[in-house]
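Rule-based calculations on the coordinates, nothing more; no lab input. It should be emphasised that the depicted structure is a prediction, and the values quoted were computed from it without experimental measurement. A quick note on method: Cβ atoms are made from the backbone with ideal geometry, for glycine too, and the neighbour counts reach across all protein chains shown.
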There are 2 protein chains.
Amino acid sequence: MPHRIVHMLRARGSGRRPVMLAIAGDSAAGKTTLTRGLVQCLGEDRMTAVCVDDYHRYDRRERKDKPFTALHPDCNHIDIMEQHLQLLSMGEPILKPVYDHSTGELVRPELVEPRDFVIVEGLLPLHTRLARACFDITVYLDPPESLRHQWKIDRDTNKRGYAPEQVRAELDRREPESAAYIRPQRRWADIVVRFAPVAERTDPPETPLSAELLLRPTIDHPELRGVLDDAEHRAMHLKLHRDTDGRPVDALHVHGYVSPEESQVVKKTIWERLDTPAELPDALGRLADGAGSDPLAITQLILLYHLLEANRAQAA
Amino acid sequence: MPHRIVHMLRARGSGRRPVMLAIAGDSAAGKTTLTRGLVQCLGEDRMTAVCVDDYHRYDRRERKDKPFTALHPDCNHIDIMEQHLQLLSMGEPILKPVYDHSTGELVRPELVEPRDFVIVEGLLPLHTRLARACFDITVYLDPPESLRHQWKIDRDTNKRGYAPEQVRAELDRREPESAAYIRPQRRWADIVVRFAPVAERTDPPETPLSAELLLRPTIDHPELRGVLDDAEHRAMHLKLHRDTDGRPVDALHVHGYVSPEESQVVKKTIWERLDTPAELPDALGRLADGAGSDPLAITQLILLYHLLEANRAQAA
């Protein structure tokens, strides 16, 4: 049972072991946007981000003849991904493969040396038990499918040169594998994050999306009572909730429609709990198009809380 | 002391652990020729060959600005090489980097899955203690420098498109690093192999080079008395010898000038000790230009003996 060995070795704590955060989710679910802000907050000298979608077994040309899409585990070097996650989690460097999205080719690999924090984002970081054993904190990004499809069409037409109908056809082709391999990872997340408009409201179109964070009792979440109790703060609320699989969970709702001033109070309160000397960083809540989102910023702050807590627990 | 951990883990013997053979030596020392025959004898389904010169940290263009050549450990991902050797020696697959000699570029890495036998050849496989801990048998190829220079000029002008004076200039540039990093590995070899003409003889130019094999008592060598005692066989002799570093060693001389029939008797005798059902393979002793060399064939047979013995010892 290699996943047990990893747990044991990681538990020993040599002092050099990095804190490992997984961000799993389907294509265009917002993984890179969430990751980017975290890296900017902690700095590249303290945090390494790794995308496990680089572990493609076949390049774009070779995939043409295959009966599956890039989402299928058989289309990826899952065993090497597991091996590299174990190495990173022990503080060892890896030579990571690189997939060039612009050409669809596998190119020169790159050296990745783990810092204090490693974020691993991608389609399948939580697919196997051994991979999951490598993480301190696991996140699954779970936007409504209609919204994710729109994000994917926007990105792949603007940045990767595809036509909208090509992206839609690809989404259809991938759907059975999304259902079989990507979405089941939601079960293994300590935190499930859903950015979406609030159903019953008709906010103006520029209103940032709200966030729902399912905080599972698999890790210790920050004590948010001080932030939540204050009646003045409409920005967030916490609700006990039964998840789709029947398991009890705390659902933290972060509202996109409140004023920046109200959000700012929440952000500052969480930031102060992180007990870092720095100022609240500008990079928090930055979207791909440059606009800002307070629900994203608050989500990132909660992840920062977990990262810094895990780092402190290890140093102790 | 990670090299001790590797020794311990390898000693456990899970049954899946491959036999690991290192073939170290300077550029154009004959590593690939020696390796090729061994792979053809045992078959690619039983043997994996890995060249550790693929672990270049910089491509050819990047190296132009560096104060060292490709021979320098700092020019290579030595830590990743060590990691991959450990993984292979435990029977784990690796995603190996690939350096394209024709373009000088680092390209798409390739999956390497260890078989029963792994040959690791290259410039620096014995450079560190941790790397050395991964091997069952270690070989250093040690031709006279004048001969190696000629081989390198022949190969690099015919196969890699260089002019002779370019190759000579490169050999000069590399000499201090050959002395500092490549040649010291000779010390760590169980077997030191030197192909060279026999000094006191004037054989016709098509005579195959003779081989001198220093058999160090760091591993158990095959009992060759039956082959050597027979006065009819001029093909080989064994001589107790004090090595350049003062350590005692057995020097096995395999003569290139004897008739094919005399060599054939020796080859068959060693082959029969290997106790394999197959016929003596044609691939033994094949040089890069297609010609045959009995001293090379006999060297390969002795390495085959070690590979098969180590495999048997493990299965026992």
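Could you tell me the convex hull volume per residue, in Å³, taken over the Cα atoms of chain B?
144
Given a Förster distance of 35 angstrom, what is the FRET efficiency for A:Phe68 paired with A:Arg46, based on the Cβ-Cβ distance and rounded to 0.05? Don't skip to the end; give the middle numbers.
Numbers: r = 38 Å, r/R0 = 1.07.
Working from the Cβ atoms, E equals 0.40.
Amide H contacts of A:Asp190: A:Thr138, A:Val139, each under 5 Å away and 5 or more positions distant or on a separate chain (H built 1.01 Å from N in the peptide plane; Pro and chain starts excluded). Charge tally around B:Ala70: other residues with Cβ under 14 Å, Lys/Arg +1 each, Asp/Glu -1 each, net -3.
In terms of the mean number of neighbouring beta-carbon atoms within 10 Å, the peptides A:300-308, B:142-150 order highest first as A:300-308, B:142-150. Dimensions of region B:102-252 from C-alpha coordinates, computed as largest minus smallest value along each principal axis and given longest first, are 53, 41, 31 Å. Of all aspartates and glutamates in the structure, those lying under 14 Å Cα to Cα from A:Lys159, and not within fewer than 8 positions of it along the same chain, are A:Asp100, A:Asp289. Highest GNM mean-square fluctuation, chain A, Cα pairs closer than 10 Å: which of A:Ala24, A:Ala189, A:Ala291? Fluctuation is largest for A:Ala291. The aspartates and glutamates whose alpha-carbon is closer than 12 Å to the alpha-carbon of B:Lys152, local same-chain residues fewer than 8 away aside, are B:Asp26, B:Glu165, B:Glu170. Rounded to the nearest 20, the Cβ-based charge dipole of region B:190-316 about its Cα centre (Lys and Arg +1, Asp and Glu -1) stands at 320 debye. A P(r) calculated from all alpha carbon pairs of the protein assembly as shown, with 10 Å bins opening at zero, reads 3, 14, 21, 20, 15, 11, 8, 5, 2, 0, 0 percent.
Considering just Cα atoms, how many Å³ per residue does the convex hull of region A:1-150 enclose?
On the way: hull volume 18.0 nm³, N = 150.
Per-residue hull volume (Cα only) is 120 Å³.
In region B:1-151, the DSSP beta bridges split such that about 30 percent are antiparallel, to the nearest 5.
When only DSSP loop residues count, what GluC sites (Glu not before Pro) in region A:222-316 have their Cβ near at most 12 other Cβ atoms within 10 Å? Walk me through the intermediate numbers first.
Working: sites: A:Glu223, A:Glu232, A:Glu261, A:Glu262, A:Glu272, A:Glu279, A:Glu309; in loops: A:Glu223, A:Glu232, A:Glu279.
Those that pass, being in a loop and sparsely packed, are A:Glu223, A:Glu232, A:Glu279.
Find, among the trypsin sites (Lys or Arg not before Pro) in region A:192-227, those assigned to loop by DSSP (not H, G, I, E, B) with at most 16 other beta-carbon atoms within 10 angstrom.
Values: sites: A:Arg194, A:Arg201, A:Arg225; in loops: A:Arg201.
For trypsin sites (Lys or Arg not before Pro) across region A:192-227 that sit outside H, G, I, E and B with at most 16 neighbouring Cβ atoms in 10 Å, the list reads A:Arg201.
Per residue, the convex hull spanned by the Cα atoms of region A:190-315 amounts to 126 cubic angstrom.
Tally Lys and Arg at +1 and Asp and Glu at -1 over the other residues with C-beta under 10 Å from the C-beta of B:Lys31: what net charge comes out? Mind dumping the intermediate values first?
Values: positive: B:Arg36; negative: B:Asp26, B:Asp53, B:Glu121.
Once positives and negatives cancel, what remains is -2.
For the pair region B:40-54 / region A:283-316, the C-alpha centres are spaced 47 Å from each other.
In sequence order, region B:124-137 has phi-based couplings of 10, x, 10, 5, 10, 4, 5, 4, 4, 5, 7, 10, 8, 9 Hz under the Karplus curve 6.51 cos²θ - 1.76 cosθ + 1.60, θ = phi - 60°, and Gly or Pro positions carry x. Name the residues of region A:129-149 whose amide N is less than 20 Å from a point 7 angstrom out from the Cα of A:Ala179 along the C-beta direction? So the set is A:142-149.
Per residue of B:83-90, other chain Cβ atoms within 10 Å of the residue Cβ number 1 on average. Shielding of peptide B:91-104 by partners, expressed as the average count of other chain Cβ atoms within 10 Å per residue Cβ, is 3.
With +1 on each Lys and Arg Cβ and -1 on each Asp and Glu Cβ, how big is the dipole of the protein assembly as shown about its Cα centre, in debye rounded to the nearest 20?
Values: 86 positive and 100 negative charges, 155 e Å.
Computed about the Cα centre, the dipole is about 740 debye.
Among A:His253, A:His84, a tally of other beta-carbon atoms within 10 Å of each Cβ gives an order, fewest to most, of A:His253, A:His84.
Working note: Karplus 6.51/-1.76/1.60 with θ = phi - 60° gives region A:67-77 the couplings x, 9, 9, 4, 7, 6, x, 5, 8, 10, 7 Hz, where Gly and Pro are set to x. Across peptide A:107-113, the average count of Cβ atoms from other chains found within 10 Å of a residue's Cβ is 5.
Think of chain A as having a plus end and a minus end, set by charges on the Cβ of Lys, Arg, Asp and Glu; of A:Ala49, A:Pro197, A:Leu284, A:Ala49 sits farthest toward the positive end of this dipole. A straight Cα-to-Cα reach below 13 Å connects A:Lys268 with the aspartates and glutamates A:Glu279, A:Asp282, A:Asp294, residues fewer than 8 places away in its own chain not being considered.
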